[in-house]
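Below is one structure; the comments refer to it alone.
The values are calculated or read from the model by the stated rules, or taken from the named source; none is laboratory data. The structure presented is a predicted model; accordingly, all values stated were derived computationally and were not measured. Please note: Cβ atoms are built from the backbone with ideal geometry, for glycine as well, and neighbour counts cover all protein chains shown. The protein model used for the area step is the full one, side chains on, heavy atoms only, and it has no ligands, DNA or RNA in it. Shrake-Rupley method; radii C 1.70, N 1.55, O 1.52, S 1.80 Å.
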Amino acid sequence: NDVSMIQVADTGVGISGQEGMQAVMASDFAISQFRHLRKLLLVHGHWCYTRLTNMVLYFFYKNVTYVSLLFWYQFFCGFSGTSMTDYWILILFNLLFTSVPPIIYGVLDKDVSAEILMELPQLYTTSQ
């Protein structure tokens, strides 16, 4: 059954057609024709891998910089336990540096153009 295979898979791709509407409803991605699968995998898959890995690295970088700043503050305060910032500053810091850069990066970043990714399918495996 197409629907049960899509539900078991990590990412489901449904091809819409006369018999495939049930599979499309259960899938993560829907394409109209099988020939669009190549572009979905090679172009959008590559961009998705690249964006996800860069976002993970960004979140580690953001948290390491904040923790190191907190460590140095405590070092110069003699580890007294005093608070470095108010809670609203910490909330603003996390809001600005956790939401805005990923949104901008996700919308604007395309490391390689779609045409090059379609011509060189081996670039998909390097992003994995």
*Confirm whether residue 67 is out of contact with any strand residue (DSSP E or B) (no Cβ under 8 Å at 6 or more places or on another chain), open to solvent by 80 Å² or more (accessible area, probe 1.4 Å) and modelled with pLDDT of 80 or more.*
yes
*Being in contact (Cβ under 8 Å) with a residue 24 or more places away in the chain and either open to solvent by 50 Å² or more (accessible area, probe 1.4 Å) or part of a helix (DSSP H, G or I) (or both) is the filter here, so list the residues in the range 90-120 that pass it.*
93, 97, 98, 101, 102, 105, 106, 110, 111, 114, 117, 118
